[in-house]
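Q: Provided herewith is a single structure, encoded as structure tokens, for subsequent inquiry.
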Amino acid sequence: MSARRHWGLALSSSMLALGLSACNSLPGRPARADYPLRPSAVTNYSELYNENCAGCHGVDGKFGAAFALNNPVYLGIVDDKRLTNIVARGVDGTAMPPFAASAGGALTDEQIAIIVGGMRKQWARDGAAEGAPSYATNGPGDPAQGTKVFATFCASCHGADGKGGAAPGSIVNGSFLALTSDQDLRAIVIAGRPDLGHPDWKDYLAGEPMTAQQVSDVVAWLASKRPAMPRGASYAQRN
Amino acid sequence: MPLRDWTKAIGDWFELRLGLSSTLSEVAAHPVPRSSASWWYVFGSATFVIFIMQIVTGICLATVYTPSAEGAWSSLIYLNYTQPLGWYLRALHGWGSDFMVGLMFVHMAQVYLFGAYKYPRELTWVAGCVLLLCTLGMAFTGQVLRFDQDAYWGLGIGASIVGRFPFVGFKLVHLILGGPIIAAETLSRFFALHVFVIPGILIGFVALHLFLVLKLGINEYPMPGRIVTREHYLQDYERTVTGDGEPFFPFAAQKDMVFAGIIILALLVVAAISGPFGPNGQPDPTIIKTVPRPDFFFLWLFAVFALLPPWSETFLMLVGPPIVIALLFALPFISGTGEKSWRRRPISVVIVILAFTTIGTLTWLGTFSPWSPKMEAWSEAPTPVDYVKGRTPLELQGAILIQSKQCRNCHALGGEGGMRGPALDDVATRLTPDQIVRQIIQGGGNMPAYGKNLSPAEVNAIVAFLNTMHPRSELGARNSVKPEQPISDVDSHHSPAQ
């Protein structure tokens, strides 16, 4: 064999070796991320959140139809046990369904822990809820007092009677109240909906944060507007 | 003795006994009509070349694959993630099957349009039809061997079609699955079919097909007006070949080789870029979070089965395919003589266009199956932000209920969600609030009635939200009766006579 042929052989075999080593970086090679996991074995927070929560609570916890979870004040007042319980068991009387496999959902307890931990890691901020009223009410509110509290803190946007003002729509609508728990109302009064421009407890009036009692009172006032039996379709929506 | 002489001596020894090279050179040199060396005549050989590749990659895969219900999925995962280049082997075999089915259909259409099935090549066509069925059989059994969720549910659908046969249905299902359900024996059965039975038949019929092509000669390029008759065709062909013939190799074969080369390269590149098919999730019927889809070449059937009216299903599934297959086989006996050129056979051209358009459209529909609800849409497709901003508390509750009551699984918002029902983005331009209430409570069309599953407050909220679903520039639909009057007034004085 001539020297030229040897060189040719060496060159082509090194090209082949190079080519083969490039095979590992070909685009068709299945990536680790494509590994087909059982649904119950998914432990990636974003995947879990996007598949189970984003529909109602919005991408990145904002601008969803339901309560925004990307809310440091809310995450500051609610503890992990309550949050876990809400995700796992759902909230009776509202649209929040149970997600735990033990309650008819599809998620394992571990996955729920990952979701709760992930939300906190992403969106909680130290001190965001400092001085905020507690998550749970510490006593029954007084609806009569609540009327005054409403006039002070809420009426500027929601209208004097709560039927709408700068903020669109009524918050004393029977159907709305029937679909909302007192705890939901309390959470929104305290933590607001920053994505939609609803202030939190300390920002309604400059320099005058709401007290825990005031929150309980205004929620009691709202709850007093809740009809025992909301009227049927197409009538009540104009109430 | 130098190396070259050694090789020659060994070659001569075999040649004396086998006479292979003289036979081969005779075959290679057999004269073909000049006109048949056309780029239109390359699809059959390309299909054959892909078939050879499928055999090679298939054998390589068989060295690793475990044909058991417990081991199959893991061995595919092993190939994909552990075995060096195992994924590429799987990609080649998987894409190879798509290429083979595709080329086969193009070859068939070409043979049909060029009248190559006519006298005396009827048997070649019949053998080709057997090859078609075998190739589709390989595609289906191959999909089952990729034992994942698609395979599991695809097999379930196949078995339930077979189970529709009157009287013998159950026995047939038993025969195919090796029991009443997909279980341990099922995969062994399909392995045997995919690796021994069907390839055996395929090789036999490929041999027959090729033998007939050599024996009867390649079809000349059809000329409009040159009519095939039983009396004259053979002499005419003989004259064409002797008068204006060329040796098959290299004259006609060079285009085959160039095209086959291009196809192989394309396969290598597509496999490298797109990678192997699955396996997706484990074939476990307890995993309901799955959207099974058949492989590409069965998507059109998937669409047909989904769209057939329920009352016609059993009849059409059991009677339709045999009729179509019988017609395919009978073709050369129905129109065995006459015009070959597609220029003088308008109906054939229409049939081919119709078949390809139909199959193409159904395949396209099969890729996203608008008839199936998107079962995850409610929790993973967010309400479009524009539909959240500026809404009232009640409307927002309605938007939540559209999600949590899983309306989104059938109705899209902002292009996301199911397509079984109409998209709701402009529903308020089509229905008045009262009509929306009626539709939700009583259902209608394909929609179930939700009256018993929703409280009045929930219906109110959903209707309030849907009533906002109209473009800013366009008013929502209003009652035609006293349209200027607020609806609540109309309602409170409601009586049918008015």
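The values are calculated or read from the model by the stated rules, or taken from the named source; none is laboratory data. Note that the coordinates shown come from a computational prediction; the quantities given were computed from them, not determined experimentally. All Cβ positions, even for glycine, are placed from backbone atoms using ideal geometry, and neighbour counts span all protein chains on display.
Q: Within the group B:F14, B:F51, which residue is in contact with a helix residue (DSSP H, G or I) (Cβ under 9 Å, 6 or more places away or on another chain) and within 25 Å of B:K215 (Cβ to Cβ)?
A: Just a single option satisfies the conditions, and that option is B:F51.
Q: If you don't mind, another one. Got a sec? Which of B:R420, B:R391, B:R408 is more than 30 Å from the chain's Cα centre (by Cα) and of a type in the set (D, E, K, R)?
A: B:R391
Q: Hey, could you check segment A:139-195 for residues that are touching a residue at least 12 places away in the same chain (Cβ under 8 Å) and acidic (D, E) and say which is farthest from the other protein chains (Cβ to nearest Cβ)?
A: A:D142
Q: Looking at A:A187, A:A206, which one is assigned to a helix (DSSP H, G or I) and outside the structural domain of A:V78 (by TED's automatic domain parsing)?
A: Answer to the selection: A:A187.
Q: Could you tell me whether any residue of segment A:120-129 is closer than 30 Å to B:E458 by Cβ and surrounded by fewer than 18 Cβ atoms within 10 Å (Cβ to Cβ)?
A: Within segment A:120-129, not a single residue is closer than 30 Å to B:E458 by Cβ and surrounded by fewer than 18 Cβ atoms within 10 Å (Cβ to Cβ).
Q: Quick check on this structure: which one of A:G146, A:G207, A:G174, A:G139 is under 24 Å from A:T94 (Cα atoms) and surrounded by fewer than 21 Cβ atoms within 10 Å (Cβ to Cβ)?
A: One residue alone meets the criteria, A:G139.
Q: Can you tell me how many residues within segment B:225-271 are among the small types (G, A, S), surrounded by 13 or more Cβ atoms within 10 Å (Cβ to Cβ) and closer than 21 Å to B:G115 by Cβ?
A: Number satisfying all stated conditions: 2.
Q: Can you name every residue in segment A:43-84 that is more than 14 Å from chain B (Cβ to nearest Cβ) and not in a loop (DSSP other than H, G, I, E, B)?
A: Listed by number, the residues that qualify are A:Y45, A:P72, A:V73, A:Y74, A:L75, A:G76, A:I77, A:D80, A:K81, A:R82, A:L83, A:T84.
Q: Still on this structure, I have one more. Could you look through segment A:103-146, keep only residues that are charged (D, E, K, R) and in a loop (DSSP other than H, G, I, E, B), and pick out the one that is farthest from A:V59 (Cα to Cα)?
A: Selected residue: A:D142.
Q: I would also like to ask the following. Return only the number of the condition from (1) surrounded by fewer than 18 Cβ atoms within 10 Å (Cβ to Cβ); (2) among the β-branched types (V, I, T); (3) more than 25 Å from the chain's Cα centre (by Cα) that B:T314 does not satisfy.
A: The single condition B:T314 does not satisfy is (3).
Q: Filter segment B:381-400 down to the residues that are charged (D, E, K, R) and surrounded by fewer than 21 Cβ atoms within 10 Å (Cβ to Cβ), then identify the one that is farthest from the other protein chains (Cβ to nearest Cβ).
A: Residue satisfying both the conditions and the ranking: B:D386.
Q: Quick check on my filter: what residues within segment B:206-217 are crowded, with 19+ Cβ neighbours inside 10 Å and of a type outside the set (A, V, I, L, M)?
A: Scanning segment B:206-217 gives B:H209, B:G217.
Q: Right, next: For segment A:31-39, does any single residue satisfy the condition of being touching a residue at least 12 places away in the same chain (Cβ under 8 Å), out of contact with any strand residue (DSSP E or B) (no Cβ under 8 Å at 6 or more places or on another chain) and within 8 Å of chain B (Cβ to nearest Cβ)?
A: Yes, segment A:31-39 has at least one match.
Q: Of all residues in segment B:273-283, count the ones that are at the interface with chain A (Cβ under 10 Å from one of its Cβ atoms) and over 17 Å from B:L61 (Cβ atoms).
A: 5
Q: On to the next question. Return the pairs, sorted by first residue and then second, in which the second residue is of a type in the set (D, E), the first residue lies in segment B:278-293 and is farther than 24 Å from B:L362 by Cα, the beta carbons are less than 6 Å apart, and the residues are 6+ apart or on different chains.
A: Final answer for the pair search is B:P279/B:D148; B:P283/B:D148.
Q: A further question follows. Scan segment B:401-423 and give yes if some residue there is facing chain A (nearest Cβ under 9 Å), surrounded by fewer than 22 Cβ atoms within 10 Å (Cβ to Cβ) and assigned to a loop (DSSP other than H, G, I, E, B), otherwise no.
A: yes
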